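The values are calculated or read from the model by the stated rules, or taken from the named source; none is laboratory data. Computed from a predicted model, the values in this text were never measured in an experiment. We place every Cβ from the backbone using ideal geometry, glycine too, and count neighbours over all the protein chains shown. The protein model used for the area step is the full one, side chains on, heavy atoms only, and it has no ligands, DNA or RNA in it. Shrake-Rupley method; radii C 1.70, N 1.55, O 1.52, S 1.80 Å.
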Amino acid sequence: MSTSDTHSTSYSLSNSPVMETLSKQSYPAATLYVVATPIGNVCDISLRALHLLALADAIACEDTRNTAQLLSRYGINKPLIAAHQHNEREAADKLVARLQAGERIALVSDAGTPGVSDPGAKIVDAVRAAGLNVMPLPGASAAITALSGSGLINDQFYFVGFLPAKAGQRETALRALEQIPATLIFYEAPHRIIESVQALASVFGSQRQIVFARELTKLFEQIHRCPLGEAADWLKNNAHSEKGEYVLLVEGAPSNADDDLQEARRILGILLEECSLKQAASLAAQITGQKKNALYQLALEMKEGQEEE
């Protein structure tokens with residue numbers, strides 16, 4: 001098959017077995033459905049989300065104009081209920097009443113997953129407090145999208161969201177994060193990006209890696225990685241740096257591996273005077289929180305070293 005043939009091949013979902021699976025899933029009444037929507041590319045929405053949005057009695061949304069425009073792209077027309085950060089408590093009372101009447105209500109934000117640096121958490125809390133069902137439908141998230149493309153190797157991440165706008169409060173917030181070993185994830189507006197990055201470098205130092213993820217899934221998507229010491233200059237030399245929302249990922253604090261090793265040696269040295277290798281490793285693991293197998297191997301090396309002397 002030629003390249004042109006490959007590009008022209010289309011796939012029809014209407015005949016796919018997955019559509020039968022979709023129709024057989026349960027969507028109970030009197031339930032709030034928390035629905036993730038695309039963060040940029042209109043195609044990044046799940047089949048399940050589309051099915052639910054078409055099924056819902058009403059859709060609670062951050063901005064009715066934005067959501068109406070999004071729904072029109074999918075050919076969906078539903079009653080919209082404004083539920084933004086300034087009226088979340090009031091909106092929650094109305095939604096609870098409608099849910100108690102047996103309606104299915106979808107909750108969406110302008111982009112991404114509701115409740116993650118977006119309105120929605122207070123509504124979900126109120127619905128759960130009323131003893132009603134909440135069902136989340138997973139989908140797009142700017143934080144996770146950026147993390148997956150960052151290349152920062154760490155099995156932990158710490159989502160911070162937006163930093164305070166005032167310089168003093170921002171520095172205080174960053175100082176509290178200085179020793180966290182997990183990858184740090186921030187959101188930032190374009191008009192504050194340079195001052196925020198300068199604050200990050202001032203607190204965390206110039207050597208940690210930072211990843212800029214700008215305009216994710218959109219036409220001018222950009223992902224750039226560099227040391228924090230080079231970050232401000234990169235922004236200043238980038239003609240588009242003050243356009244588009246940012247996700248910033250900052251390498252976590254370096255581990256104190258040498259200090260941990262020395263402390264493990266000290267504790268094992270004391271324990272080995274009174275305990276067997278196995279007992280010493282087990283007790284040291286409980287004291288230090290390190291893995292027992294690694295401590296056993298270290299104790300064995302220490303024992304062998306003592307015998308050679």
Quotient of Cα Rg and 2.2 N^0.38 Å for the range 172-309, N being how many residues it contains: 1.58
Separation of the Asp125 and Glu304 label points, Cα + 7 Å toward Cβ, nm: 5.6
Cα centroid separation - the range 94-158 against the range 11-47, whole Å: 16
For the chain, built as a Gaussian network whose Cα springs stay under 10 Å, the top-fluctuating residue of Ser14, Ser206, Ser46: Ser14
Neighbour cut-off at most 14 other Cβ (10 Å), DSSP loop, GluC sites (Glu not before Pro), the range 167-218: Glu178
Qualifying trypsin sites (Lys or Arg not before Pro) for the range 125-207 [loop in DSSP, other Cβ within 10 Å: at most 12]: Lys166
For the chain, alpha-carbon Rg relative to the globular expectation (2.2 N^0.38 Å, N residues): 1.34
Sorted peptide list for 108-120, 277-289, criterion being average Cβ within 10 angstrom, highest first: 108-120, 277-289
Alpha carbon centroid spacing (whole Å) that separates the range 159-177 from the range 239-289: 26
Extension gain, Gln169 back to Asp57 (0.36 nm per residue minus Cα-Cα distance, nm): 36.0 nm
Table column - 3J(HN,Hα) (Hz), the range 246-254, Karplus curve with 6.51, -1.76, 1.60, x for Gly and Pro: 10, 10, 10, 10, 10, 3, x, 4, x
Which of Ala231, Gln207, Ser196, positive extreme of dipole for the chain (C-beta unit charges): Ser196
Accessible area expressed per residue, the range 169-229, with surrounding protein chains retained (probe 1.4 Å, Å²): 44
For the chain, the longest site-free run once chymotrypsin sites (Phe, Trp or Tyr not before Pro) in DSSP loop states with at most 12 other Cβ atoms within 10 Å are removed: 12-219
Heavy-atom accessible surface of the range 128-177: percent carbon and sulfur, 1.4 Å: 57
Average Cα contact separation per residue, the chain, under 8 Å, 6 or more apart, as relative contact order %: 15
Cα-centred dipole magnitude for the chain, charges only on beta-carbon of K, R (+1) and D, E (-1), debye, nearest 20: 1260
Ellipsoid equivalent to the range 195-263 - semi-axes via the Cα gyration tensor, in Å: 29, 13, 8
Beta bridges per DSSP with both ends in the range 25-180, % antiparallel, nearest 5: 5
Too-long pairs where the Cα-Cα distance tops 32 Å, listed order kept, from Lys166/Lys236; Lys166/Lys291; Lys24/Lys78: Lys166/Lys291
Per-residue [θ]222 nm for the chain (sum of -39500 (n - 2.57) over DSSP H runs n ≥ 4, rounded to 500): -13000 deg cm²/dmol
Charge context of Asp125, other residues only, Cβ under 11 angstrom, K/R +1, D/E -1: +2
Distance between modelled label sites at Glu263 and Trp234, nm, 7 Å Cα→Cβ extension: 3.3
Fraction of beta bridges assigned by DSSP in the chain that are antiparallel (%, nearest 5): 45
Set of lysines near Lys122 by C-alpha distance (under 22 Å), chain-local residues within fewer than 8 positions excluded: Lys94
